[in-house]
Amino acid sequence: MVGSMPLPRFARARPGSMRIGLEWMVLDRMTYDLRPAAPDIVFRLERPHAAWAATPEIDATTLDVATSALDGYRAAADTLEDMRCCVRREARSVGAAVAGGGAHPVRTCGGQREPGKLAGFGMHVQIGVRDADEAVRIGAWLNQRAPLFIALSASSPYWRGRDSGFCSARNTVSGAFQASGVMPSSLRSWQDVAQHVARLGCHGLATRVQDVDWDVRPDPERGAVELRALDAPLHPAYAAAIACYAREVCAEVADRPGVWPCARAAELYPWNRFNATRCGVLGDWVDPCTRRKNSVDYVVRSDLARLAARSDDPDFPAACVLIHELLHNGGQARWLTAHMAAGAGTIDLARLASAMFDSPVAPGGNVEQ
């Protein structure tokens, strides 16, 4: 019991399964401004027994897509490619286009968002775990490395038509939201988390775990640990690769039962997160346990080599290739700023993002203007 409230139920899931959720921006095919056509696209996408589903948000310029539970990179890549093809086809049928990226380079929203809702386009990954307490422990480890995933996904350098100075302007804005950031290191069990949320509830700040915006948090509805705070990548193939990297991190931790990160991990989190949002894959990351500073590039490549050697996913090396591509030439944010430096207009970046999305192969930033 938590006070007089029963401990919230934590669903059962297949350990190591993953679900990928993405928010894609819906654009006008002529102007590449945001267009409120998501409900029209969703209506045309209705089909039973699919491995994924699409839903509109209150902001009709946002198309919310999510997979069912998946195992391994090939299933993720194939499902997201099917999703991309179907969404692209139906968007064209209503005169719209779709794009990834954390934010529209000019507009902050389509004018229909809930008050206080973040104006941006994100990615969530849920990794199935054995039980609720494991979700908290694995989440503590995944949270340490969340800035690496923020850096890899960073794709929103422009905000309201101007260079924000950050690779992820979307995350810079979201960091100001209530209860954002790191899960408190004092929480060591599902009961601890539930009691924490109950205390927030006494002040009218939360009624369930889903009301706190930690970058990593337990997901009781799916029996998972959820990685949040990511920009939507410019191509779905990158989303599949990033999700599989997160899955392998969780699998490694699951194989070390009872082991927790060092207690001072939370101290360095704001610094690591800030550098990820500002510098992206060209930033640095400080290991909270060793206090050693290395480049994001070095840490990610080291992770991938170690994880590939122990992975039971035969297709994980293909995901590693795409993550290496995300490290190339400064990452997605600098692919976009390079086009601006070459003379493109800000609105052209939305067209570029749409062209990247339309490509059947992740383009690595090499898209003609």
Considering each residue of segment 57-85, count those that are farther than 18 Å from Pro233 by Cα and touching a Phe, Trp or Tyr at 6+ places or on another chain (Cβ under 9 Å), and give that number. 2
Scan segment 228-240 and report the pairs whose first residue is closer than 11 Å to Leu326 by Cβ and whose second residue is surrounded by fewer than 24 Cβ atoms within 10 Å (Cβ to Cβ) and among the basic types (Lys, Arg), with Cβ atoms within less than 9 Å and a gap of 6+ or a chain change. His235/Arg84; Ala237/Arg84
Please state which one of Val216, Val212 is among the β-branched types (Val, Ile, Thr), in contact (Cβ under 8 Å) with a residue 60 or more places away in the chain and either within 29 Å of Ala103 (Cβ to Cβ) or buried (at least 19 other Cβ atoms within 10 Å of the Cβ) (or both). Val216
Of the residues in segment 307-360, those that are hydroxyl-bearing (Ser, Thr, Tyr), in a helix (DSSP H, G or I) and modelled with pLDDT under 95 come to Thr337, Thr346
Would you check which residues across segment 51-78 are polar (S, T, N, Q) and closer than 20 Å to Ala224 by Cα and list them? Thr67, Ser68
Within segment 242-267, considering residues that are more than 19 Å from Leu304 (Cα to Cα) and crowded, with 19+ Cβ neighbours inside 10 Å, the one modelled with the lowest pLDDT: Ala265
Just the residues that are touching a strand residue (DSSP E or B) at 6+ places or on another chain (Cβ under 8 Å) and among the β-branched types (Val, Ile, Thr), please, taken from segment 242-298. Ile242, Thr277, Val286, Val296
Quick one: count up the residues across segment 49-65 that are of a type in the set (S, T, N, Q) and either in contact with a Ser or Thr (Cβ under 7 Å, 6 or more places away or on another chain) or not in a strand (DSSP E or B) (or both). 1
Residues that are under 30 Å from Asp78 (Cα atoms) and touching a Ser or Thr at 6+ places or on another chain (Cβ under 7 Å), at least 1 per element: which strands (runs of 3 or more DSSP E) completely within segment 181-298 meet that? 224-231
Go over the candidates Asp287, Asp303 one by one and state the one that is modelled with pLDDT of 95 or more, closer than 18 Å to Gly139 by Cα and of a type outside the set (A, V, I, L, M). Asp303
With more than 30 Å from Asp163 (Cβ to Cβ) and not acidic (Asp, Glu) as the only criterion, which of Cys279, Cys250 stands out? Cys250
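The values are calculated or read from the model by the stated rules, or taken from the named source; none is laboratory data. In this text, all values refer to a predicted model and were calculated from it rather than measured experimentally. Glycine gets a Cβ as well: all are built from the backbone with ideal geometry, and neighbour counts include every protein chain shown.
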